[in-house]
1. Which helices (runs of 4 or more DSSP H) sit wholly inside the range 156-211 and have at least 1 residues that are touching a Lys or Arg at 6+ places or on another chain (Cβ under 8 Å) and among the aliphatic types (A, V, I, L, M)?
2. Taking the range 134-150 as the search range and keeping residues that are out of contact with any Phe, Trp or Tyr (no Cβ under 8 Å at 6 or more places or on another chain) and crowded, with 22+ Cβ neighbours inside 10 Å, which one is nearest to Thr174 (Cα to Cα)?
3. Considering only the range 227-248, I want to know if a residue exists there that is outside any helix (DSSP H, G or I), of a type in the set (A, V, I, L, M, F, W, C), over 18 Å from Ile108 (Cβ atoms) and in contact with a helix residue (DSSP H, G or I) (Cβ under 8 Å, 6 or more places away or on another chain).
4. Where residues in the range 98-117 are at pLDDT below 95 and not in a loop (DSSP other than H, G, I, E, B), which of them is nearest to Ser238 (Cα to Cα)?
5. So, in the range 154-167, exactly how many residues are closer than 30 Å to Val220 by Cα and surrounded by 13 or more Cβ atoms within 10 Å (Cβ to Cβ)?
6. If Glu240 satisfies all but one of (1) surrounded by fewer than 18 Cβ atoms within 10 Å (Cβ to Cβ); (2) among the charged types (D, E, K, R); (3) under 26 Å from Asn129 (Cβ atoms); (4) touching a residue at least 12 places away in the same chain (Cβ under 8 Å), what's the number of the condition it fails?
Amino acid sequence: MTPKTKPEPDTVFFSKGMIAVIVGIVIILVALLAICMMQPTPQATPQVTPKVTPQVTPQTTKVPVKSARPTADLYVMSFCPYGTQAETGMGPVVDLLKSKADIRIRYITTISGTTADSVDSLHGPAEANEDLRQICINKYYPDQFWSYIKIFDEQCYPLWHNATVLESCQKNTTATLSLDSAKIDTCATGTEGITLLKADETAAGKDGATASPMLFINGVLYSGARTPDAYKQAICNSFETVPAECSTVLSSASTATSGGCG
C-alpha cells in the first residue's frame, strides 16, 4: 500500500497567498464602491436666463412751433368716447381763443371711393355719416359748429347704438340751432362731404394722427393733460406774441381720460 504524500509546504503557502490577495482586492473594490455610493450626486447647475430690462427712452418735451396765429388740429372719431371728452375739454378754449387761433376738429377715416358708403370709420357706418354731417356743419355754420358739438356729445352721442333715436336727436339738435338739415344732408351724402373728409384724411396722414384724440399745435403733437387750461396753455405757448386772453385761467378738471380709439 502506497503511503499518501503531503503537499509541499511552498505549494500550500502559495495557494493561501493567492487567496489572500484576491480577498484583499475584493475588499478594496467593495470599499471603493461603498465610498462612491456615499458621495452626493452632483446636481446639474440650472441654466438661468439673465433678466433683460428693456431700455426706456425718456420722452422729451417737444419745443412748440410759434406763429402769429397758431393752428390746433384735434383729430377725433365722432363716436369715440375719448374723442368726445377731448372735445368737451377743448370747448372753453375755443370760446376764449377763437379770434386769436384756428382750433379745428379733424376726423380720422379711410376713404376708398367717392360716396358716403366708401368711408371706413372705426365705429362703423353711423360714425362715418356723423363725421360727414359734422364736417359739413363746420363748413356752412362755423359759428354754430362748437355749439352743435357740445349738444351732440351730451345728448346724441350716448344714443348712437340706436339708429332711430340717434337720427331724431340729430334733427332736434340742428333745429335747436336753426341749421338747415336739408342743406347739411345734401353736403354729407354727396361729393362735397367726401371732398372735405378726404382733406382731413390727407392731413391725418401728414401729421401721423392714427388714434382719437390726438392734438397737433402748429404740427407738433401735444402730449399733456386733457383739461381746458392745459389745452389753453399749450396753444398759448405757440403764439409769437401771447395775447391777453392767455392770462385767463380755465378749469383744470380732467374731462378726458388718457385712453384713445385707434
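The values are calculated or read from the model by the stated rules, or taken from the named source; none is laboratory data. Treat the numbers as computed from the prediction; the structure is a model and nothing was measured. Positions of Cβ are backbone-derived with ideal geometry, glycine not excepted, and every protein chain shown enters the neighbour counts.
1. Where helices (runs of 4 or more DSSP H) fall fully within the range 156-211 and carry at least 1 residues being touching a Lys or Arg at 6+ places or on another chain (Cβ under 8 Å) and among the aliphatic types (A, V, I, L, M), they are 181-189, 191-207.
2. Ile149
3. Among the residues of the range 227-248, at least one is outside any helix (DSSP H, G or I), of a type in the set (A, V, I, L, M, F, W, C), over 18 Å from Ile108 (Cβ atoms) and in contact with a helix residue (DSSP H, G or I) (Cβ under 8 Å, 6 or more places away or on another chain), which makes the answer yes.
4. Step by step, filter the range 98-117, then rank; the result is Ala116.
5. The qualifying residues number 1.
6. (3)
This table checks each residue for (1) surrounded by 13 or more Cβ atoms within 10 Å (Cβ to Cβ); (2) touching a residue at least 60 places away in the same chain (Cβ under 8 Å); (3) among the polar types (S, T, N, Q); (4) in contact with an Asp or Glu (Cβ under 9 Å, 6 or more places away or on another chain).
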| residue | (1), (2), (3), (4) |
| --- | --- |
| Cys169 | yes, no, no, no |
| Thr173 | yes, no, yes, no |
| Thr176 | yes, no, yes, no |
| Thr191 | no, yes, yes, no |
| Leu196 | yes, yes, no, no |
| Asp200 | yes, yes, no, yes |
| Gly205 | no, no, no, no |
